[in-house]
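Everything below concerns the one structure shown next.
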Amino acid sequence: MERIDADQQNERTWAMFCHLSSFAGFIIPFGGIIGPIVVWSIKKDQYPLVDDQGKEAINFSISMIIFYLAAAILVFVLIGLPLLIALFFFRLIITVVAAIRANEGVRFRYPMSIRFIT
């Protein structure tokens with residue numbers, strides 16, 4: 001098993017928080033974007049992994065808002081509701097996977113994410 005020092009573990013933990021903070025969107029409007037931005041802006045200069053994963057979490061949150069809006073419009077043609085449900089579970093599962101991978105020190109890339117911030 002790989003031994004990591006406290007600083008590496010802190011970096012991984014903060015990278016994980018970048019992803020998990022997007023769940024604030026379930027409580028606060030636009031919290032899914034605000035949470036990752038706050039964590040990223042606080043620790044991006046200190047930890048390279050946080051800089052990378054923070055951008056990834058922000059990009060995914062913005063992408064999901066766009067996908068939710070498109071699905072909401074499609075509700076009028078009856079395909080939107082199943083899409084909204086699928087997007088909800090996809091976001092939930094893939095965000096947990098991203099958080100776990102970031103805590104392992106892996107630079108995770110979300111599928112279907114539009115790269116707004118590079």
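Each reported figure results from applying straightforward, stated rules to the coordinates on display, with no laboratory input. As the structure is a prediction and not an experimental result, all values here were calculated from the model. Heads up, the Cβs are rebuilt from the backbone with ideal geometry, glycines too, and the neighbour counts pull from every protein chain shown.
Placing a pseudo-label 7 Å from each Cα along the Cα-to-Cβ vector at Ile27 and Thr118 gives an inter-label distance of 3.5 nm. Along the axis of the charge dipole computed for the chain (Cβ charges of +1 for Lys and Arg, -1 for Asp and Glu, origin at the Cα centre), the listed residues Ser41, Val96, Phe67 are led at the positive end by Phe67. Magnitude of the charge dipole for region 6-103, about its Cα centre and with charges confined to Cβ atoms of Lys, Arg (+1) and Asp, Glu (-1), is about 200 debye. Once the Cα atoms are used to define both axes, helix 31-43 deviates from the longest principal axis of the chain by about 20 degrees. Mean residue ellipticity at 222 nm, helices only, the chain: -22500 deg cm²/dmol; runs of at least 4 DSSP H residues each add -39,500 (n - 2.57), and the sum is divided by the number of residues. Checking (1) 89; (2) 98; (3) 176 against the coordinates, the calculated volume of the Cα convex hull per residue in Å³ falls under label (2). Fully extending the segment from Arg107 to Asn10 would add 33.4 nm, taking 0.36 nm per residue of separation and subtracting the current Cα-Cα distance.
Rounded to the nearest Hz, the phi-derived 3J(HN,Hα) couplings of region 17-25 under the Karplus curve 6.51 cos²θ - 1.76 cosθ + 1.60 (θ = phi - 60°) are 5, 4, 6, 5, 5, 5, 5, 4, x, where x marks glycine and proline. Between Val75 and Ile100, the contour length at 0.36 nm per residue exceeds the alpha carbon distance by 5.7 nm.
Between region 73-118 and region 14-42, the alpha-carbon centres lie 14 Å apart.
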